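In what follows, a structure is listed as structure tokens, so that the remarks can point back to it.
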Amino acid sequence: MVHYNWLFIMGAAILILAGCTAKKMLTKKPVNNADTAASTTLLIPEQKDATKSAGVCDEASMPQRIFFEFDSYRLEEKARNNLKNLGKLMLGCPRIKIVIGGHCDERGSAEYNLALGQKRADFARNYLLNLGIDSNRIRTMSFGEEMPLMSGSGEKERSKNRRDELAIDG
């Protein structure tokens, strides 16, 4: 009887571990807006041009991130070009849904950075909506300063932390 209990516990542990490795998990809990239902890992390989997929839904060609100036949510030209490429990919692949995570450097209060991260994500979302992407295909969330891309307090590190992460949702 003891052996059956041990086998049951081991089987349950294997199923739990298999489930954990099958889906990616965040190390920190995001602050979600009203459209957000579940967390998503924000890592997608980056390539330069989404149009290279030649009509095939090549999710790997999706831009990974866009960057912002200090204390700003204005989209610079490079960010707009990356979002245009993402829009082309999404228009050609109606099954793709994305999540946009807004991030900040460590300057400012936690509350301010959460709000700024949300503005950054929402601004990118609105840009994609203006390109014709359906609103139910884009979620946004803010991580504020909680998930820096680079550690350090120099301008090089801070500039990499002021970003939106773009990822497939699901």
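The values are calculated or read from the model by the stated rules, or taken from the named source; none is laboratory data. Please read all numbers here as calculations on a predicted model, not as lab measurements. Note: ideal-geometry Cβ built from the backbone for every residue, glycine included; neighbour counts use all protein chains shown.
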Failed criterion for G101 (all others in (1) assigned to a helix (DSSP H, G or I); (2) in contact with a strand residue (DSSP E or B) (Cβ under 9 Å, 6 or more places away or on another chain) hold): (1)
Any hit, the stretch 82-91, residues being surrounded by 15 or more Cβ atoms within 10 Å (Cβ to Cβ) and under 19 Å from S151 (Cα atoms): no
Condition check for D71: among the acidic types (D, E) and buried (at least 16 other Cβ atoms within 10 Å of the Cβ): no
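Quick grid of which residues meet (1) within 22 Å of A60 (Cβ to Cβ); (2) in contact with an Asp or Glu (Cβ under 8 Å, 6 or more places away or on another chain); (3) not in a helix (DSSP H, G or I):
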residue	(1), (2), (3)
N82	yes, no, no
L89	yes, yes, no
R95	yes, no, yes
D105	no, yes, yes
P148	no, yes, yes
Residue in the stretch 152-164 that is surrounded by fewer than 21 Cβ atoms within 10 Å (Cβ to Cβ), assigned to a loop (DSSP other than H, G, I, E, B) and either touching a strand residue (DSSP E or B) at 6+ places or on another chain (Cβ under 7 Å) or on the phi < 0 side of the Ramachandran plot (or both) present: yes
Any hit, the stretch 112-125, residues being loosely packed, with under 14 Cβ neighbours inside 10 Å and modelled with pLDDT of 95 or more: no
The stretch 151-170 - residue that is in contact with a Lys or Arg (Cβ under 7 Å, 6 or more places away or on another chain) and at pLDDT 95 or above and, of those, nearest to E69 (Cα to Cα): R163
Residue that is nearest to I96 (Cα to Cα) [pool: residues in the stretch 122-146 that are among the aliphatic types (A, V, I, L, M) and outside any strand (DSSP E or B)]: I133
